[in-house]
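J.: Below is the structure I would like to discuss, written out as structure tokens.
The values are calculated or read from the model by the stated rules, or taken from the named source; none is laboratory data. In this text, all values refer to a predicted model and were calculated from it rather than measured experimentally. All Cβ positions, glycine included, derive from the backbone under ideal geometry; neighbour counts span all protein chains shown. Ligands, DNA and RNA are stripped out before the accessible areas are found, and what is left, the full protein with its side chains, is counted by its heavy atoms. Shrake-Rupley method; radii C 1.70, N 1.55, O 1.52, S 1.80 Å.
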Amino acid sequence: MAAGRARVRRGILADLLRELGPASPTLCAGWTAHDLAAHLVTRERVPWAGPGLVVGALHGITERAERATMRAHTYPELVEMFRAGPPRWHPTRFAAVDDAANLIEFYVHTEDLRRAMPGHDVAGWNAAESDAAPDRNAMWASLRLIGLAGFRQSTIGVVAERTDAPGRLTLRRREPVVEIVGPPEELLLYAFGRRAAARVELRGDPEAVERLAGAPSGV
């Protein structure tokens, strides 16, 4: 399998899954690390489960496939299957495709594990030490599409501003406008619906900020 940035993130996620164990909580409602490992393996190895990842009406098919994957393999097996990467026929064997399809996915799920850990230290976090730093430009480039999807139901305008370098993106054209400020990886987590866990600053009229925080979200 060709090496790219997603391959690096795959290793980080696999190591964390192994370290934390199957019963560890995640930010995905109702999922443990075991559920997450089964999801990651299924999305790469069960082609007929793929449509349910993007089409809500078919999500039940994907859930059944994930449960079957979990029954068929032990947790350590799932972690090592994920670490090994997809089958040879899978297009993400190529680094460019892998990065496009998986870089963001693997980052978000890594943080789903990290930030659900009891005693996770939010106050001690340092943006300069984040392992996402090498991927920030790629994450920023992905934010427009992800943000358009994540805020599609918002009645509030949304503008993202990165703090690690100059950059602003309009993600939802409405009035009034709330600015979401932070490094690209935190902006992505907020757009993905991990709002309580994202380290961002919201700027704008207090009522508009409250409305945005309460609006439906997630990709």
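J.: Hey, rough spin-label estimate for residue 23 and residue 170, points 7 angstrom out along Cα→Cβ, what's it come to in nanometres?
T.: Here the answer is 5.2 nm between the modelled labels.
J.: Further, regarding this structure: Specify whether the C-alpha gyration tensor of region 142-193 places it in the rounded, prolate or oblate class, a ≥ b ≥ c being the square roots of the eigenvalues: rounded for a/c under 1.5, otherwise prolate if a/b is larger than b/c and oblate if not. It would help to have the intermediate numbers written out before the result.
T.: Values: a/c = 1.99, a/b = 1.36, b/c = 1.47.
Since a/c reaches 1.5 but b/c is at least a/b, the shape of region 142-193 is classed as oblate.
J.: Pick from 25, 91, 118: which is most flexible by mean-square fluctuation in a GNM of the chain where alpha carbon atoms under 10 Å apart are linked?
T.: Maximum among the listed residues: 118.
J.: Can you find, among 96, 206, 153, the residue sitting farthest towards the positive end of the charge dipole of the chain, where Lys and Arg contribute +1 and Asp and Glu -1 at Cβ?
T.: 96
J.: Quick one: net charge around residue 88, please, counting Lys, Arg +1 and Asp, Glu -1 for every other residue with C-beta under 14 Å from its C-beta. Numbers along the way, then the final one.
T.: Values: positive: 45, 93; negative: 44, 98.
Local net charge: 0.
J.: What accessible area per residue, rounded to a whole number of Å², is obtained for the chain using a probe radius of 1.4 Å? The partial results should precede the final answer.
T.: Values: 10680 Å² over 219 residues.
Result: 49 Å² of accessible area for each residue.
J.: Right, something else. Around residue 33, what is the net charge, scoring Lys/Arg as +1 and Asp/Glu as -1 over all other residues with Cβ under 10 Å from its Cβ?
T.: Details: positive: 18; negative: 19, 35, 112.
So the environment of residue 33 carries a net charge of -2.
J.: Tell me what the chain gives for mean residue ellipticity at 222 nm when only DSSP H runs of n ≥ 4 count, each as -39,500 (n - 2.57), the sum divided by the residue total, rounded to 500 deg cm²/dmol. Provide the component values of the computation, followed by the final result.
T.: Numbers: 8 runs with 105 residues, N = 219.
The helix contribution divided over the chain gives -15000 deg cm²/dmol.
J.: Could I ask something else about it? Say each of residue 90 and residue 201 gets a label point 7 Å from the Cα, pointing the same way as Cα to Cβ; how far apart are those two points in nm?
T.: 4.0
J.: Another question, if that's okay. Mind checking the full-extension length gain between residue 145 and residue 130? Use 0.36 nm per residue of separation minus the Cα-Cα distance, one decimal, nm. Please report the intermediate quantities before stating the final value.
T.: Values: separation 15, 0.36 × 15 = 5.40 nm, distance 2.32 nm.
Gain on stretching residue 145 to residue 130: 3.1 nm.
J.: A further question follows. Report the percentage of all Cα-Cα pairs in the chain whose separation exceeds 31 Å, rounded to a whole percent.
T.: Numbers: 5067 of 23871 pairs.
Value for the chain (Cα pairs over 31 Å): 21 percent.
J.: On to the next question. Please give me the summed charge of the neighbours of residue 46: other residues whose Cβ is under 11 Å from its Cβ, Lys and Arg +1, Asp and Glu -1. Display every interim value, and only then the final one.
T.: Working: positive: 43, 45, 64; negative: 44, 66.
Residues close to residue 46 contribute a combined charge of +1.
J.: Only bridges with both residues in region 131-203 count here: give the DSSP antiparallel percent, nearest 5. Don't skip to the end; give the middle numbers.
T.: Details: 7 of 13 bridges.
If I count the DSSP bridges inside region 131-203, around 55 percent turn out antiparallel.
J.: Would you mind telling me the share, in percent, of accessible area of the chain contributed by carbon and sulfur at probe 1.4 angstrom?
T.: Working: 6020 of 10680 Å².
For the chain, the apolar C and S fraction of the accessible surface comes to 56 percent.
J.: Let me ask something additional. Checking the a/c ratio against 1.5 first, then a/b against b/c, what shape does the Cα gyration tensor give for region 128-219? Before the final figure, lay out each step's value.
T.: Numbers: a/c = 1.71, a/b = 1.63, b/c = 1.05.
The shape class here is prolate.
J.: Against the empirical 2.2 N^0.38 Å scaling, what ratio does the C-alpha Rg of region 1-46 come to? All intermediate terms of the calculation are to be shown ahead of the outcome.
T.: Numbers: Rg = 11.5 Å, N = 46, 2.2 N^0.38 = 9.4 Å.
Expressed relative to 2.2 N^0.38 Å, the Cα Rg reads 1.22.
J.: Any idea what the dipole of the chain comes to, in debye rounded to 20, about its Cα centre with Lys/Arg Cβ at +1 and Asp/Glu Cβ at -1?
T.: Working: 28 positive and 27 negative charges, 135 e Å.
Once rounded to the nearest 20, the dipole reads 660 debye.
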